[in-house]
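The values are calculated or read from the model by the stated rules, or taken from the named source; none is laboratory data. Computed from a predicted structure; not experimentally measured. Methodologically, a virtual Cβ is constructed for each residue, glycine included, from the backbone with ideal geometry; neighbour enumeration extends over all protein chains shown.
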Amino acid sequence: MASNEDRIRQRAYEIWEQEGRPDGEDLKHWLQAFQEIAANIEANGQSAKKPRARKTATAEAPVKPKGAAKAKGGAQSAPTTTPPPKPTKASRSVTRH
């Protein structure tokens, strides 16, 4: 059996041909094909991906409060190195107004 992406691609092509091969309608055709394939999969009782089971807390591993969780990568993580110090200018003792 072909992958879901292959099925969507084939169906989008069929829709494109049925509509007279219009230019600039590729996204519309892809989304329509995606919805049709997804509905077909759902109707047959299949799922594209099985939902993952949620982990539950046990006496051995208590659940941490949300604020205690460590940040995982990306822009939210703290930098691991400190930036280099900024060069200092010789300051004047006289203030100009």
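Apart from one condition, H29 fits all of (1) at pLDDT 95 or above; (2) not in a helix (DSSP H, G or I); the exception is (2).
Name every residue in the stretch 25-47 that is polar (S, T, N, Q), surrounded by 11 or more Cβ atoms within 10 Å (Cβ to Cβ) and over 13 Å from E14 (Cα atoms), in order of residue number. Matches in the stretch 25-47: Q35, N40.
Taking first residues from the stretch 1-23 that are under 14 Å from Q35 (Cβ atoms) and partners that are in a loop (DSSP other than H, G, I, E, B) and not hydroxyl-bearing (S, T, Y), the Cβ contacts under 7 Å between residues at least 6 apart in sequence or on separate chains come to N4/A48. Here the condition is being loosely packed, with under 10 Cβ neighbours inside 10 Å and modelled with pLDDT of 60 or more; of A12, A53, A90, A69, it holds for A90 alone. Taken over the stretch 32-48, residues that are at pLDDT below 95 and either in contact with a His (Cβ under 6 Å, 6 or more places away or on another chain) or small (G, A, S) (or both) amount to 6.
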